[in-house]
Structures are given as structure tokens and as C-alpha cells.
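Each value in this text was obtained by applying a stated rule to the coordinates, not by laboratory testing. None of these values were measured; they are calculated from a predicted model. Here the Cβ positions follow ideal geometry from the backbone for every residue, glycine too, while neighbour counts run over all protein chains shown.
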Number of protein chains: 2
Amino acid sequence: MKLPTSTEWLLHAAASLAQLEPGVSASAAQLAEHYGVPAAYLAKQLQALVRAGVLAATTGPRGGFRLARPATAISLLDVVEAVDGAANPYECREIRQQGRGALPAADCRSTCILAVKMAEAHDAWRASLAAVSLADVLATLPETAIPRTRSLLTRG
Amino acid sequence: MKLPTSTEWLLHAAASLAQLEPGVSASAAQLAEHYGVPAAYLAKQLQALVRAGVLAATTGPRGGFRLARPATAISLLDVVEAVDGAANPYECREIRQQGRGALPAADCRSTCILAVKMAEAHDAWRASLAAVSLADVLATLPETAIPRTRSLLTRG
DNA sequence: GATAATGTACTCGGATATGTTGTGTCCGAGTTGTTCTGG
DNA sequence: CCAGAACAACTCGGACACAACATATCCGAGTACATTATC
């Protein structure tokens, strides 16, 4: 069980975009150089956030990516599930109904208890991430961070 | 983020072994046929549970795998982390200290807030799975299930 | 008849191929800001 | 000096190779039981 490496990039990128003034965009190339990551691959992943409705993209000069919603309305879960999908990492294939020890249908009326418990754990994970918004993240940064990010991501 | 398919096999296998009488073992071939899964691959994964101290293995005739501890002392987390590892699926590579926007060392005294929040979510997931033991799983099975499993996994 | 040695069948354990998914890269379509020309 | 059109540069968006891990498989080392020969 491993999240893509790009998850870290996108979380930081979203946090950086949240620090920009409303209406201002930053391009994929800017963000890539800002973090020292491959520009083309970052751009590919940013598209996933656009498809998920977390970011909005604008083409042409002065274009780029910006938040599609206020930072208070974007949770870490929104970002993570945009890049990795919302599926439960545990996939129940009903092996209780297969092989020599297959259970009779009467015993399979309710969901497999193991699948239920694994789903509950996944829900706990999702709830933990859903409780943190980008605004919460920004609130923990030092005072100097936001002006600094704005200046670094503003093109001359 | 996806758990190996074999995770389901091992959870069910551990639950089945927990239903056997103390001291009785079931071989990898038996368990594989019981669930209709590839025997060699299941055996390979069962070894991971042995290395983790969850199962104990015995070679030779009448040998096989059995629980290394009472079912009350084995949690779902023990099984899942034995096969998949205990590492956090989110790996912080400190990109905040890299690239054009690298933060000064003074701002990196404490752990990156994003890594902290991702770790908290992982802890919530682990706590949820650690709270469920194999004995809890067995308690939800119908009365007929345990004698049935014992009879199917007992060799003639 | 009891015992010890032998043989056999069964078990796990690790080393070896293959398929799928994430990783990384490239080029094309579209849009905006700029520049140049004409009135 | 102003307006319009053409141009050019920059942006995203999707299509194309490469690599790492999970998947699947095989054969060898070791052990317990059953058998057999001996005392």
C-alpha cells in the first residue's frame, strides 16, 4: 500500500496555490521549478486535480492553475483522492464463496465481516483527512511564508 | 494506494486457522484449495506471516501453519502489516527544502504539517484495524461455521 | 514382541519469470497579450 | 493618435516509452511418520 510520489507534490502545490491572491494563477512550469520536480509529470498530475474540480486551469499567457474553491472548502482528502482515486485499498473478491470451502449462499446475505472492518478503517482514514482544509494548513505557517510564496510565484 | 490481492487471502486464512483446535495445523495446499487460490503464491505469503510472528510453521507430514498466539492477541492490523509492511503510504521527501522555493532551515525545525496530518490519518487507520482481533471476527460467524471449517481443513 | 534403523512422503523455504501500474517524457490544440499596419 | 488585424509566445491537454513492484511459478532442504529388519 503506497501512495504515488506525486501526492506530496500536489499537496504542496495546492497549499502554495492557496497562498496566492484570488484570481492569480501559477503555471505548471513555475510550480515544478519551485519544488524541483519534473515539470511535465507535475502538469499531468495537476490535470487530475482539474478533473476532480479542485483546481481550475487557464490556457495562454498569464494562465495556469488556481483553486476552484475557497481554501476553506478544499480538504486534504479532496487532493489525495483526486490523484489516487477514492477506491478502498482493500478489494473484497468474495473468496468466501469460492473453492472447496465455499460458504452456502444463506451465510453470505450480509457483507463479509472482514470487508466491513477494512472499510471502517478506510472510513476512519478518510474522515481524518477530510477534517483538514488547506486553510487549516496555511494557518500553521509562519507569518513570512505567504508573502514569500506570493513573490516567488508571481511572474515578472 | 492499493493493498495486495493476497491480503484478502491471508485475512481469511488467519480467520480459518483461528477456528481450528489448538495445536492443529493446516497446510498451504489445504488452505489454497479451500479458497480456490494459487497454492504456491499463498505459501509464499504465509511465510511473511511466519516472519512477522503471527503464524508458526511446522514441516513434514501433519505439519503446516497454525496461529502463533491466541486469537484474542492477533489483530487485523497484525495480519495486514505482516503482508504489506508497516510503512506510512505517504512518504515525505521534504520537497519544501528543494527547488527554487526551498524554505530556510529555520522554518523546517518542526515536521512538515502535511506529513503530520497524513501520519495522523494513517494512525487512525491503524487504530481502527488494531481494535479488531481474530476472536472478534470469529464471534460474528454463525454457529455452524466453526465445526464446518474444522471438518473441511482436517485431513483424513 | 519390542526396538531401532531405514525409507518415504509430505511439509516449508527461497530463488526465478511475467504482467500491470506508476513514473517520466514528448508533441499538438487553444488562447491571450503584443505588435504592426492602416486610417 | 486610434482601431483593427495578424503574429508570436505561452498555456494546458492527451498520447507515447520506461521501470519497479506485485503476481505467479518452480525446485530444493528438512522433518515426521510408517515400515521393516533385528534382537
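Using the Cα coordinates of region B:5-154, the gyration tensor eigenvalues translate into equivalent-ellipsoid semi-axes of 40, 17, 12 Å, sorted from longest to shortest. Of all the options A:Ala102, A:Ala86, A:Ala130, the one that moves most in a Gaussian network model of chain A with Cα springs shorter than 10 angstrom is A:Ala102.
With a ≥ b ≥ c the root eigenvalues of the C-alpha gyration tensor of region A:12-68, is it rounded (a/c under 1.5), prolate (a/b larger than b/c) or oblate?
Judged from the Cα gyration tensor, region A:12-68 comes out rounded (a/c under 1.5).
Per residue of peptide A:99-107, the mean number of Cβ atoms on other chains within 10 Å of the residue Cβ is 5. Peptide B:88-98 shows a mean partner chain C-beta count of 5 within 10 Å per residue C-beta. Applying both filters, DSSP loop and at most 14 other Cβ atoms within 10 Å, to the GluC sites (Glu not before Pro) of region A:1-92 gives A:Glu91. The convex hull of the Cα atoms of region B:68-156, projected and averaged over all directions, covers 9.1 nm².
Coupling constants for region B:69-75 follow from the phi torsions by the Karplus curve (6.51 cos²θ - 1.76 cosθ + 1.60, θ = phi - 60°), and in residue order they are 9, x, 4, 6, 9, 10, 9 Hz; glycine and proline get x. Computed over chain A, relative contact order equals 30 percent, with contacts defined as Cα pairs under 8 Å that lie 6+ residues apart.
Compute the longest continuous run of chain A that contains no exposed trypsin sites (Lys or Arg not before Pro); treat a site as exposed when its DSSP state is not H, G, I, E or B and it has at most 14 other Cβ atoms within 10 Å.
On the way: sites that count: A:Arg62, A:Arg93, A:Arg100, A:Arg109, A:Arg155.
With a cap of 14 other Cβ atoms within 10 Å, the longest stretch comes to A:1-61.
Calculated [222 nm] ellipticity per residue, helices only, for chain A: -14500 deg cm²/dmol; basis is -39500 (n - 2.57) per DSSP H run with n ≥ 4, divided by all residues, nearest 500. Cα centroids of region A:60-139 and region B:130-156: 29 Å apart. If you wrap the protein assembly as shown in the convex hull of its Cα atoms and look at it from every side, the mean projected area works out to 18.6 nm². Per-residue shielding of B:11-22, expressed as the average number of other chain Cβ atoms within 10 Å of the residue Cβ, stands at 2.
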